[in-house]
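**Student:** Sending over a structure as structure tokens; questions will come in a sec.
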Amino acid sequence: ALCNYKEKQFFLGESWLSTNCLLCTCLHPIGVGCCKITQHPIDFPNWCKAHYNCQTCQISVVQKANPSLPCVKSMEHEWGSVGTPELLSNKVLGM
């Protein structure tokens with residue numbers, strides 16, 4: 001059995017990455033099934049933003065003031081949301 005997707009044919013069980021970063025699979029008897037492969041970050045500081053690269057299908061967190069720089073934890077900026085508890089491993093180890 002073959003599946004047709006955007007004027008191309010795929011074999012049963014065959015998977016491919018679509019042009020809009022969806023992982024698609026030829027399924028029987030449904031046809032083509034696709035799902036997102038990117039995970040959008042949800043908990044990062046307000047001085048950062050999520051940047052989507054459509055060529056690599058990757059999302060990175062970068063600084064709003066300078067998007068060429070990654071968003072990293074520093075002494076002047078705190079990670080996490082207000083009320084986010086400290087990691088248990090840090091409490092146990094006294095870090």
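The values are calculated or read from the model by the stated rules, or taken from the named source; none is laboratory data. Remember, it's a predicted structure, so these values are computed and weren't measured experimentally. A quick note on method: Cβ atoms are made from the backbone with ideal geometry, for glycine too, and the neighbour counts reach across all protein chains shown. All accessible areas refer to the heavy atoms of the entire protein, side chains included, with ligands and DNA or RNA removed. Shrake-Rupley method; radii C 1.70, N 1.55, O 1.52, S 1.80 Å.
**Student:** When segment 46-95 is examined, which residues are found to be modelled with pLDDT of 50 or more, in a loop (DSSP other than H, G, I, E, B) and either under 27 Å from Leu17 (Cβ atoms) or small (Gly, Ala, Ser) (or both)?
**Tutor:** Answer for segment 46-95, where residues must be modelled with pLDDT of 50 or more, in a loop (DSSP other than H, G, I, E, B) and either under 27 Å from Leu17 (Cβ atoms) or small (Gly, Ala, Ser) (or both): Cys54, Gln55, Thr56, Cys57, Ala65, Pro67, Ser68, Cys71, Ser74.
**Student:** Could you tell me which residue of segment 1-32 is nearest to Ile59 (Cα to Cα), considering only residues that are among the polar types (S, T, N, Q) and open to solvent by less than 80 Å² (accessible area, probe 1.4 Å)?
**Tutor:** Checked segment 1-32; the qualifying residue nearest to Ile59 (Cα to Cα) is Ser18.
**Student:** Residues of segment 33-55 being over 11 Å from the mean Cα position of the chain (by Cα) and exposed (fewer than 14 other Cβ atoms within 10 Å of the Cβ), which ones?
**Tutor:** Of everything in segment 33-55, those that are over 11 Å from the mean Cα position of the chain (by Cα) and exposed (fewer than 14 other Cβ atoms within 10 Å of the Cβ) turn out to be Gly33, Cys35, Asp43, Asn46, Trp47, Cys54, Gln55.
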